[in-house]
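Notes follow the structure.
The values are calculated or read from the model by the stated rules, or taken from the named source; none is laboratory data. Fair warning: this is a prediction, and the values are worked out from it, not measured in the lab. FYI the Cβ positions are ideal-geometry reconstructions off the backbone, even for glycines, and counts take in every protein chain you see. Note: areas computed on protein heavy atoms with side chains; ligands, DNA, RNA excluded. Shrake-Rupley method; radii C 1.70, N 1.55, O 1.52, S 1.80 Å.
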Amino acid sequence: KTRVAVLISGSGTNMASLIAAGQAADAPYEVVVVVSNVADVAGLDKARAAGVEALAVEHKAFGKDREAHERAIDALLAERKVEVIALAGYMRLLTPWLVRKWAGRMVNIHPSLLPLYPGLNTHARAIEAGDLEAGCTVHIVTEGVDEGPVLGQTRVPILPDDDAETLSERVKAAEHRLYPQTLAAFVAR
Ligand code: GAR
């Protein structure tokens, strides 16, 4: 199985779906470690409960040196022979150093139908624009934020009474199906 690290910053619901799918006997990947840039987040507890090593590498400890923070993470991944990184709600911009080092081996999930709405507050922006559909995208990470080649996408309707919260729940449910499927196809490519 391809050895995957999941990087998170918070609740880790996508991470949990990646771990669960990777634990199936016939899965082509397994999540071997979860790293959060924030300590004490729920996602770390979820990973441990699923039997996966979970580490906090706090960006705060590295001050303004973003690359030093990423080098610390990268060293941990090397020790664990990680082959692919899956970003799942990892809310830090990456340096070109990490992106280049993992070029073609790092994927991300984003809560919009890219190229629509890169960046933050995607659901509020889709509702504000009067869109009838929203969704989620899994893509390869490149240096442009939320710009890399698309590997998979799921569309969901935007309903008349939606706010960012209700739309987020519908998109999250779609994310939890899309990400494991797309990652499995990616590592088996
Ligand atoms: C997910 O909706 C993911 O698409 C989004 O953060 C959420 C994390 O939720 N990612 C981004 O916005 C990346 N810029 P989770 O921690 O419950 O998986």
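Remarks
- Counting only lysines at least 8 places from Lys64 when in the same chain, those with an alpha carbon closer than 22 Å to its own are Lys101.
- Residues of the stretch 65-93 with an amide N closer than 19 Å to a point placed 7 Å from the Cα of Glu143 along the Cα-to-Cβ direction: 66-68, 70-71, 93.
- DSSP H segments from the chain that extend 30 Å or more along their own axis, Cα-based, with Kyte-Doolittle mean of -1.0 or above: 164-187
- Label point of Ala129 set 7 angstrom out along Cα-Cβ; within the stretch 77-109, amide nitrogens under 19 Å from it belong to 109.
- Cut-off 12 Å between beta-carbons: net charge of the residues surrounding Trp102, Lys and Arg +1, Asp and Glu -1: -1
- Of all beta bridges that DSSP places with both ends in the chain, some 40 percent have antiparallel geometry.
- Accessible area of the stretch 33-177 divided out per residue, in Å², using a probe of 1.4 angstrom: 52 Å²
- Per residue of the chain, the DSSP helices (runs of n ≥ 4 H) give a summed -39500 (n - 2.57) that works out to -11000 deg cm²/dmol at 222 nm.
- Under 21 Å of direct C-alpha separation, and excluding same-chain neighbours fewer than eight residues apart, Lys1 reaches these lysines: Lys81.
- Share of carbon and sulfur in the accessible heavy-atom surface of the chain [1.4 Å probe, %]: 54 percent
- Calculated P(r) of the stretch 1-153 - Cα pairs past 18 Å, %: 58 percent
- Summed side-chain charge close to Glu79 - residues other than Glu79 whose Cβ falls under 12 Å, Lys, Arg +1, Asp, Glu -1: +1
- Residues in the stretch 33-57 that a label on Gln23 would reach, taking backbone N under 20 Å of a point 7 Å out along Cα→Cβ: 33-36, 41-56
- Local net charge near Lys46, Cβ-Cβ under 14 Å (Lys/Arg +1, Asp/Glu -1): -2
- Cross-link partners for Lys46 among the lysines, with Cα-Cα distance under 18 Å and sequence neighbours closer than 8 places in the same chain left out: Lys172.
- According to the Kirkwood relation over distinct C-alpha pairs, the hydrodynamic radius of the stretch 51-111 is 12.6 Å.
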